[in-house]
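Contents: one structure, followed by commentary.
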Amino acid sequence: MLGHDAVAQALVDHGVDTVFAVLGDGNLFIGENLAREHGVNLISATHEANAVLMAQGWAKATGRLGVATVTHGPGLTNTITALVEGAKNETPILVVAGDTPIEQEQHLQNLDQHALVTATGAGFQPVRNAETIAEDVSTAVRRAHFEHRPIVVNIPLNIEWDDVEYQPHPPFTPPPVRLAPDPDQLDAAMGIVASAVRPVILAGRGAVKSGARETLVRLGDALGAPLSASLLATGFFRGEPFDLGLHGTLSHPIAAETLAAADCLIVFGAGLNYFTTGNHMMLTGKRVVHVDLDPTHIDRFVTVDAGVVGDANVVAEAMIEMLSAAEHKPSGFRTSDLEQKLREFDPATAFDDKSYEGAVDPRTLTRRLDDGLPQKRQVVIDGGRFMFDALTLSVPEPKDFVTSHAFGSIGLGTSTAIGAAVARPDRPTVFCVGDGGLMMGGLTELSTAVHLGLDLIVVVYNDRCYGAEHIQLVAKGLDPAASLHDWPDLCAVAHSMGFDTATITSLEDIDTAMDVVRNRTPGVPVLIEASIDPDVVSTIYQQLG
Ligand SMILES: Cc1ncc(C[n+]2csc(CCOP(=O)(O)OP(=O)(O)O)c2C)c(N)n1
């Protein structure tokens, strides 16, 4: 077979059935062959960054390897921010990229693709020659899995037209890892855990992946420790009487008060980044035990008192056994007073609504969306000031929450949401975005969502400005005019592409918008544009500090 057909065959041999693409002469015949010969679902994006982001959204929503394909030169340079996001978000995907034939140095689209990719933090896997195609694709698949990052499979165009004696490589099935802890590490950690007076458990996505919920609940019972979760494990302990919810800058007041009083934090599979630790301040006065499958995650952002390398569930089970053997008594940190406060806490009454006829308070909007949108949903949030509200939308389970801001970039959410919606058509995908993020990175792909007939509900928090910049100018006593934007009518634009739409300018409009969502036509995505007053929001958040 020809080289490009061998690339398609190698991908299919590894179970690839969905590929997000922008075609050009570097990948045209690979894409064509994937669709025609193998019936692969080849989904065309309007921009290469978006194809890569769709693959990442799809990978996060399925837990499988995502695949995108782009052409050489500008096709690959267009993916750079998306690749960095994938590397920082640790998302395993393949980006199958053509490369300019080596002998055509003067080709307009020629550049050093290896150097370009390396700078993003993604991996680079060269296809060396036609005979190594199956082996190199197989290596790339393994690397994406073990290195937890995008791998660019680089295929010079000349190889694509070479004849190949195709030798299939066996498909890669990732082995289940249930890593048990080193006894000395566990002992050192248990010295801290067992002597804690006010311990708290913090679970992250690693605990979710390990399926450790029930074991961590039992560990919490044994220690008398309230339970908390990082953003990526949002909702993990929902329903537990001592669930504090999120640990970090988004903690609610009762959680924040309890966490401040704790003397020991036992962390399972959470990264302990800036946001989870409130810029490290939430760790002050606490001894920290950090359990993680990946040794490089321990002591990465903060220095901890004890690190244990191992699977969250296995380590938690071992801790329970040790506590039981020592006849350990639970601490008194779980009081009936705390239980009552947590039961009675209602986030909707924790602030004074500042809505008026013409604009809604984003905090009220978020609480009403939380109740009014379909409960069985997955949620994707773009970046911007609005996210500090939108990130408090609840999800049935942590895996129903997909992020796109590991690189702190706005505008990556729309395509991430489209990829996630393609992956899970059994539920609506709720996507919250600011007006700036939508205009920067997503608007063109709304037509892709329409063509794909996705069950996508886009909520635009429209303050007609870069809100994150607006608040900084206001805080310095400067005129925020430089942050303002005169956007087009976003509902009209979305409607022209085939969306159903609803506009929210008052609290009553929220009910009408929820009716539009409830009665949505199958296969027709919905965009809700909520009008928000940037000055009111800047004042609210300034007061909060
Ligand atoms: C690619 C990129 N460019 C610029 C920024 C700086 N930035 C951070 S938030 C923000 C404003 C986003 O505006 P919008 O999406 O409307 O959300 P808002 O902050 O108004 O809620 C900008 C420009 C960024 N983070 N990423």
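The values are calculated or read from the model by the stated rules, or taken from the named source; none is laboratory data. From a predicted model like this one, the values you see are computed outputs, not experimental measurements. Cβ: placed from backbone, ideal geometry, glycine included. Neighbour counts: every protein chain shown. Ligands, DNA and RNA are excluded from the accessible area calculation, which covers all protein heavy atoms including side chains. Shrake-Rupley method; radii C 1.70, N 1.55, O 1.52, S 1.80 Å.
A few comments on the model shown:
- Some residue of the stretch 237-259 being polar (S, T, N, Q) and over 25 Å from the mean Cα position of the chain (by Cα): yes
- Residue in the stretch 80-87 that is within 16 Å of the ligand (Cβ to nearest atom), open to solvent by less than 10 Å² (accessible area, probe 1.4 Å) and of a type in the set (A, V, I, L, M, F, W, C) present: yes
- Here residue 435 does not fit the description of being open to solvent by 10 Å² or more (accessible area, probe 1.4 Å), under 24 Å from residue 394 (Cα atoms), within 11 Å of the ligand (Cβ to nearest atom) and in contact (Cβ under 8 Å) with a residue 24 or more places away in the chain.
- If you go through the stretch 172-217 and keep only what is closer than 19 Å to residue 329 by Cα and in contact with a Gly (Cβ under 6 Å, 6 or more places away or on another chain), you end up with just 201.
- Residues satisfying the stated conditions in the stretch 399-419, i.e. open to solvent by 20 Å² or more (accessible area, probe 1.4 Å) and more than 9 Å from the ligand (Cβ to nearest atom): 399, 406
- Among the candidates 503, 539, 448, the residue that is assigned to a helix (DSSP H, G or I) and either at positive phi or modelled with pLDDT of 95 or more (or both) is uniquely 448.
- Selected residue [modelled with pLDDT of 95 or more, open to solvent by less than 10 Å² (accessible area, probe 1.4 Å) and on the phi < 0 side of the Ramachandran plot] from 232, 216, 246: 216
- Of all residues in the stretch 463-484, those that are closer than 17 Å to residue 533 by Cβ have Cβ atoms under 6 Å from Cβ atoms of residues that are near the ligand (Cβ under 8 Å from one of its atoms) and part of a strand (DSSP E or B), 6 or more apart or on another chain, in 483/465; 484/465.
- Residue in the stretch 473-487 that is part of a loop (DSSP other than H, G, I, E, B), within 16 Å of the ligand (Cβ to nearest atom), modelled with pLDDT of 95 or more and under 27 Å from residue 52 (Cα atoms) present: yes
- Considering residues of the stretch 381-398 that are near the ligand (Cβ under 6 Å from one of its atoms) and either part of a helix (DSSP H, G or I) or of a type in the set (Gly, Ala, Ser) (or both) only, the residue surrounded by the most Cβ atoms within 10 Å (Cβ to Cβ): 384
Residue-by-condition table, conditions (1) within 25 Å of residue 210 (Cβ to Cβ); (2) outside any loop (DSSP other than H, G, I, E, B); (3) free of Cβ contacts under 8 Å to residues at least 60 places away in the same chain:
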| position | (1), (2), (3) |
| --- | --- |
| 266 | yes, yes, no |
| 285 | no, no, yes |
| 302 | yes, no, yes |
| 314 | yes, yes, no |
| 321 | yes, yes, yes |
| 324 | yes, yes, no |
| 327 | no, no, yes |
| 333 | yes, no, no |
| 337 | no, yes, yes |
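- Scanning the stretch 212-256 for residues that are part of a loop (DSSP other than H, G, I, E, B) and under 16 Å from residue 396 (Cα atoms) turns up 230, 234, 235, 236, 237, 238, 239, 240.
- Considering residues of the stretch 88-110 that are within 23 Å of residue 5 (Cβ to Cβ) and acidic (Asp, Glu) only, the residue surrounded by the fewest Cβ atoms within 10 Å (Cβ to Cβ): 103
- Test: residue 177 is open to solvent by less than 30 Å² (accessible area, probe 1.4 Å), aliphatic (A, V, I, L, M) and in contact (Cβ under 8 Å) with a residue 40 or more places away in the chain: no
- The lone exception for residue 529 - which of (1) away from the ligand (no atom under 13 Å from the Cβ); (2) crowded, with 16+ Cβ neighbours inside 10 Å; (3) not in a helix (DSSP H, G or I) it fails: (1)
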